[in-house]
Structure formats: structure tokens, C-alpha cells
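The values are calculated or read from the model by the stated rules, or taken from the named source; none is laboratory data. Since this is a predicted model, take the numbers as computed values, not measurements. In this analysis, Cβ positions are derived from the backbone assuming ideal geometry, glycine residues included, and neighbour counts consider all displayed protein chains.
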Amino acid sequence: MCGIVALIGSREAAPQLLEGLRQLEYRGYDSAGIATVDGDGLHCLKAEGKLVNLTTRFEAQGAPGQCGIGHTRWATHGKPEERNAHPHLDGSGRLAVVQNGIIENYRGLREELQSQGVLFRSETDTEVIPHLLARELERRRAAGEQASAALLLAALQSVLPLLQGAYALAVVWAEVPGALVVARKAAPLLIGLGEGEFLCASDTPALAGFTRTILPMEDGEVAMLTPLGIELYDAAGQRVQRSPSLLSGTEHVADKRSFRHFMLKEIHEQPETAALWVARHLPEVVEGEATPLVALPLAAEVFEGVERIQILACGTSRHAAQVGAYLLEQLAGIPTSVFYASEFRYAPPPLSPHTLTIGVTQSGETADTLAALAMEQERRRLVADPAYRPRLLGITNRAESSLARMVDHIFDIGAGIEVGVAATKTFLGQLLAFYGLSLAFAERRVGQRQGGVSSGRSREELKALVAQLRQLPQQLEALVADHDQRCASLAHRFEGTQDVIFLGRGINYPIALEGALKLKEISYIHAEGYPAGEMKHGPIALLDAKVPVVSIAMPGAVFDKVLSNAQEAKARDAQLIGVAPECPDAELFDVLLPVPAVDELLSPLLTVIPMQLLSYHIAAHRGLDVDQPRNLAKSVTVE
């Protein structure tokens, strides 16, 4: 969601703030603003809509100063209007704050401040912060303290305990143009160390071209930044000494190349994503040698003694988790449950021993998932029995994230930066992570028996799956090239469509859910995914000639059943689009989006491609903002 940048150094801040915000545009936003300070005071510029509007305003009005803060806002409290855009100021207009997160007790704080005569200009929760800071600064100055960076720091440290919720924030004050203060609690914030200047940001792309040396802030920490250095303090006000680290990886700058949208580029990058995964994790098996079928960068303790797995995720990540649960149960024989992370905290299942908890979030910053993992970690720590000890694994595309700092074990899917809000290549990366995990668990359980029953697949079956996985990059490359044109030609059929049904069974039911989600996210067409066998239990009432049905039918245990369910839809005059191999049975479909016939367990890696491209081309045909759809954000950092 919202993006923060804050800079202090020896150069004019505004151009660098605008560039940092541009690098964070992919997160989703509806307004933007900057505030800079110099000897003449505080200069604040805001604009509704895209960053270009703010840039135009800056070019016309300017914003001098070598210290400043910037923000892209995704509306939560208050409409996406200029008055609700950040930065927010105190009554004097000399103190400015930007904030990510939600202040949960802002209503009470607002009422208290209003009773003291404070005038609010916005509907946001954030605006209470500059007014609280101004009140604290006034109190301290009345007691004889002089305006200084230390005073601003002390005032912020006094105000933070009043705030309930999650926040990452940055503050500048016209009285001390040579300093800025920042703080974080349950929302990401990191400091980049340059040469004689420091850039604080809510995500690593904002640091592109500035530095690779970073100091991630921990929960509860407050920092004061001046051209001379950084002072870092913990929640108790104690000075903290911690060495910076280097950003790993190289792809922190987004480049659309010749593609019309980032989303289309990222769909086309999936063969490369798969090829990298195969190269990293599928070693060549040499007969006669004890070569593992899959090599993962995870400690043995992740796998040892696991009797149950629970997966916490939201949105697209949850659909990947559902495929993962199917694989873990069918390949490795491990009972696995998938939970909405946003619901898990409030109705967790009873604790069970020897449980592995997996959190899945492409950004590593999803607030619901992080909160659910933290709660699970804490409630297991309170149990004395070592069988209940917390064992947490994170699956993410961002190795430098809050998730990576929270859990003991991290699986970086390594898909590279993804700009499009609607996840594509990161979804494939998450799927591949679960294939790797499932194969690793299954290989360790070959020959094991529980209660007289085999707990998983034989090694020969697993080797056959691995052999097919090695063909995935080539299959994806052909599939993306073919379906890009097919789906572009099909998009006009959805000109007036208002509802679409997606059907799947077994391991492809989550792909039906993902197909429906993609279409909703970027085309704004209402779409729902259903298990195909559930159609006649209610949803079939929705079908008529105006409701297209996309049916995933892959050879396997449920192939004939899916075809039968598709016939039910066709009998109601629905336009039937099939995602299936070319075969005589496929003549049932009005339109076929062909995919190779592979083992049913591997089919989600292929059936998802037509879903992504169909959604993309429908949205592009409608002239919509594919990469930054309305109301959505790439990184959901509030609950």
C-alpha cells in the first residue's frame, strides 16, 4: 500500500523524493505529496491522482530544501482527495508527517484534540499525529527546552505510546531543517546509507540508484537522521547499535522494455522464472548416487518430525497455498490446512504438536499474514511441551522483508521485482515453491508407513514428476507465446460482459479461483470460481447466454466429471471456454485455450497461463489501468 520516502543530505531533496515515489508507484496509490524544509520554513505540495500531477505542481511552484518527506497514499480513512493526501501538517503549518498503517484509536485522539481547540483539515487517522506532536513540542518549549533535533526526537518518543495500531512514519519540522525523525511499528521502514545523505523508505525499490547499504528498522524503533549520521533507539528509548546490511539480488529497478504493460511483461517472464527455479532446485540425478530429487535452501529441522502443516495467506498467495496443500497431502501424505490470514488471528484452530506453520506473502509485508504468524508464534511459546514449539517458514519474493526478519526459515521464490499489482510471475514462483516443498517432504517419507498405510508416493513416482517439471520452462514459453495471441483475439467477446464463472476440480479448483480473482482485479468484471461439481448446488441459477463459463478440464481423476459439469453449463446457453488439451472431448467447448497434456498434479503450472492472459487482454481491450487497478495495492500493509 502507501509508500514513504524521506531524505536528508547535501542535495535538493524534492527531485530525489519524487524519484523515490516513482519507484514505489507499483504499490498502488490515489494521491501523493512531499514536504521539504529550509531556512525559510516548510514547503508542502500535494496532488490527487497520479504522481505526474504532483511533479507538474513541483515544476510550477518548487519545494526548496535539503531535507524532506514524501508519500503516495492509498485511501483508507477519507476519500482520495487532495485534502486527505499526505503530508499532514500541524495547525502552524511548520510540522509535517507522512504515515503508512492505521492508527486504530484515532477517533478518541481526534475528539480529545478537538476539545482543546484543534482544527482538523482532513478525514484521515494520520492527522492526529502532527497535532499531538505540536502539543508535546509546545509543552516542552514552554518548560524552557530549545528547538533542536533532540527535542523533536524526544517529542516523538513521548507521542508514540499514545498511538494504537500499525505505523511507519517520518516527520520534519521547520525549526530544525537539518534533521528528520522516523519510527516504525508493524509496518516496514528501512534506512539507506549514502555518501553524506540518508534515504528512508518503506520498500527497497525507492533506494534504486541511491545505495545498496541498508539498515532495516525493527518494531518499536525510532531514528533521528542528520547529515552527520543516524541515531537509532528502541521502544524503551535506549540507544541501539546495529550494523547495516547489503541488499541482496540485483533487480530493484523496474523496466517495462517494449511491453505495453508491466503485467504483460511479467507474464512473459514466467518461462524464465521456471527455468531459474529448475536450475536452482532440481539437481541432475546420477544413478547409483544418493542425489536428492530436489535441493532447497532450507535447514533439515524444517522437515524433521512434521506431522501437520498449516498455511496462512491472503488473496493470490492463498490460492497458491491451496495448490500447495493439495500437493503436500497427495505427494507427502501430510495433513495440511489453509487459512485466511485475516481470519486466523481471531479464530485459530486448537494447537496440535509437531506442526509446521507456513506464511505466504509475495511482498513479505502483508500485515494480516505477519500478524497471524506473530500470534501463532507467541501462543506456541507459552506451551512448555517442546512438541508444540513454534516452527515457522516464510515463502516470499522479498528476502529483505519483515517476514524474513520474523521467521526462522525463509524460502525466497526469487521471481524478481514484480510491478503489476495483479500477481502473475510471483504466483508461479509461489506454486513452484510448494512443488519443491512437497517433493522434499515426499522424498523424506518414501517407504514410511503410518498406521499400516503408506504415507506418500514412491521414489519412482516422484522421479517421474521431477522429469516432467524439467520440461516446464519450454512448455511455458510455447504456451505464453501461443495464448498471448489467442486471448487478444478473444477479448472483444467480453465487451459487454458483467459476470463470468470459472470452474475447476481437485488441484485446479484454486486455479479457477485465481482466474476469477485476476479478472476481477484488473477488468472490474464480476467473476467467481467454483468447484465444478458444486455448480448444480446453486450457482447454476446464474447461467444464461450472457454469462461466459471458463472450465479447466485436465486429464486425470476428475476429467470426465469436469466435462459433464461443463455440459450442464452449455445446456443453459452459457458460452463455454475450455482450458484443456486438444482432444476429441474438447469439441464440447465453444472456444478452446489448449494446454499440453501433463500429469494432473503438474497441470496448475500450465492452466494458470490462459487465466492470466485472458484477464490481461480483456482489461487492456477496455482501456483500463492494468498495472495499477483502482482501489488495489501491491503490498497490503494494513489489516
Exercise for the section: Return only the number of the condition from (1) at pLDDT below 95; (2) touching a Leu at 6+ places or on another chain (Cβ under 8 Å) that Ser342 does not satisfy. Expected result: (2)
Practice task
Return the residue satisfying two criteria in turn: it lies in the range 137-192 and is part of a strand (DSSP E or B) and β-branched (Val, Ile, Thr), and of such residues it is surrounded by the most Cβ atoms within 10 Å (Cβ to Cβ).
Solution key: Val172
Practice task
Answer yes or no as to whether Pro353 is at pLDDT below 95 and surrounded by fewer than 20 Cβ atoms within 10 Å (Cβ to Cβ).
Solution key: no
Completion exercise
Pairing a residue in the range 391-402 that is outside the structural domain of Leu207 (by TED's automatic domain parsing) and more than 11 Å from Gln362 (Cβ to Cβ) with any residue that is among the hydroxyl-bearing types (Ser, Thr, Tyr) and assigned to a strand (DSSP E or B), where Cβ atoms lie under 9 Å and the two sit 6 or more apart in sequence or on different chains, gives Arg391/Thr355; Arg391/Thr357; Leu392/Thr357; Leu393/Thr357; Glu400/Ser245
Exercise for the section: Could you tell me whether the range 582-598 includes any residue that is without any contact (Cβ under 8 Å) to a residue 12 or more places away in the chain and acidic (Asp, Glu)? Expected result: yes
Exercise for the section: Just name the residue that is modelled with the lowest pLDDT out of those in the range 550-588 that are over 19 Å from Pro510 (Cα atoms) and buried (at least 22 other Cβ atoms within 10 Å of the Cβ). Expected result: Ala569
Practice task
Report whether or not Leu18 is surrounded by fewer than 24 Cβ atoms within 10 Å (Cβ to Cβ), more than 23 Å from Ile522 (Cα to Cα), touching a residue at least 12 places away in the same chain (Cβ under 8 Å) and not small (Gly, Ala, Ser).
Solution key: yes
Practice task
Tell me, yes or no, whether the range 475-495 has at least one residue that is touching a Gly at 6+ places or on another chain (Cβ under 7 Å), among the basic types (Lys, Arg) and buried (at least 16 other Cβ atoms within 10 Å of the Cβ).
Solution key: no
Fill in the blank from the handout: How many residues of the range 10-28 are touching a helix residue (DSSP H, G or I) at 6+ places or on another chain (Cβ under 8 Å) and in a loop (DSSP other than H, G, I, E, B)? The answer is 1
Practice task
Identify, from the list Gly451, Gly456, the residue that is modelled with pLDDT under 85 and touching a Lys or Arg at 6+ places or on another chain (Cβ under 9 Å).
Solution key: Gly456
Completion exercise
Of the residues in the range 76-101 that are out of contact with any strand residue (DSSP E or B) (no Cβ under 6 Å at 6 or more places or on another chain) and buried (at least 19 other Cβ atoms within 10 Å of the Cβ), the one that is nearest to Glu12 (Cα to Cα) is Asp90
Exercise for the section: Pairs only if they're at least six apart or on different chains, beta carbon under 6 angstrom, first in the range 410-427 and crowded, with 24+ Cβ neighbours inside 10 Å, second of a type in the set (Phe, Trp, Tyr); list them, first residue then second. Expected result: Gly420/Phe262
Fill in the blank from the handout: Of the conditions (1) crowded, with 24+ Cβ neighbours inside 10 Å; (2) outside any helix (DSSP H, G or I); (3) touching a residue at least 60 places away in the same chain (Cβ under 8 Å), the single one that Gln612 does not satisfy is (2)
Exercise for the section: Tell me, please, whether a residue that is out of contact with any helix residue (DSSP H, G or I) (no Cβ under 7 Å at 6 or more places or on another chain), surrounded by fewer than 16 Cβ atoms within 10 Å (Cβ to Cβ) and in contact (Cβ under 8 Å) with a residue 40 or more places away in the chain can be found in the range 102-109. Expected result: yes
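Do you know which of the residues in the range 258-277 that are in contact with a Leu (Cβ under 7 Å, 6 or more places away or on another chain) and of a type outside the set (Val, Ile, Thr) is nearest to Thr424 (Cα to Cα)?
Gln270
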Fill in the blank from the handout: Every listed condition ((1) under 19 Å from Pro473 (Cβ atoms); (2) within 22 Å of the chain's Cα centre (by Cα); (3) modelled with pLDDT under 95) holds for Ile267 save (3)
Practice task
Report whether or not Arg405 is part of a helix (DSSP H, G or I), under 20 Å from the mean Cα position of the chain (by Cα) and in contact (Cβ under 8 Å) with a residue 60 or more places away in the chain.
Solution key: yes
Fill in the blank from the handout: Taking the range 123-136 and keeping residues out of contact with any strand residue (DSSP E or B) (no Cβ under 8 Å at 6 or more places or on another chain) and in a helix (DSSP H, G or I) leaves His131, Leu132, Arg135, Glu136
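Any idea which residue in the range 61-84 is farthest from the chain's Cα centre (by Cα), counting only those that are of a type in the set (A, V, I, L, M) and modelled with pLDDT of 95 or more?
Ala63
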Practice task
Answer yes if at least one residue in the range 289-309 is surrounded by 22 or more Cβ atoms within 10 Å (Cβ to Cβ), under 16 Å from Phe434 (Cβ atoms) and in contact with a Ser or Thr (Cβ under 6 Å, 6 or more places away or on another chain), and no otherwise.
Solution key: yes
Exercise for the section: Please specify each residue of the range 33-59 satisfying the condition of being over 17 Å from Val176 (Cβ atoms), small (Gly, Ala, Ser) and part of a strand (DSSP E or B). Expected result: Gly33, Ala47
Problem - Count of the range 173-196 residues which are over 18 Å from Leu370 (Cβ atoms) and within 29 Å of the chain's Cα centre (by Cα) - result: 7
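Going through the range 60-75 one residue at a time, which ones are closer than 21 Å to Glu12 by Cα and either in a strand (DSSP E or B) or not assigned by TED's automatic domain parsing to the domain that holds Thr36 (or both)? Spell out the reasoning first.
As a first pass, look at the range 60-75 and keep what is closer than 21 Å to Glu12 by Cα: 60-72.
Of everything in the range 60-75, those that are closer than 21 Å to Glu12 by Cα and either in a strand (DSSP E or B) or not assigned by TED's automatic domain parsing to the domain that holds Thr36 (or both) turn out to be Cys67, Gly68, Ile69, Gly70, His71, Thr72.
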Problem - Selection count, the range 90-122, where residues are part of a helix (DSSP H, G or I) and at positive phi - result: 0
Exercise for the section: State the number of residues belonging to the range 23-67 that are of a type in the set (D, E, K, R), surrounded by fewer than 19 Cβ atoms within 10 Å (Cβ to Cβ) and in contact (Cβ under 8 Å) with a residue 40 or more places away in the chain. Expected result: 1
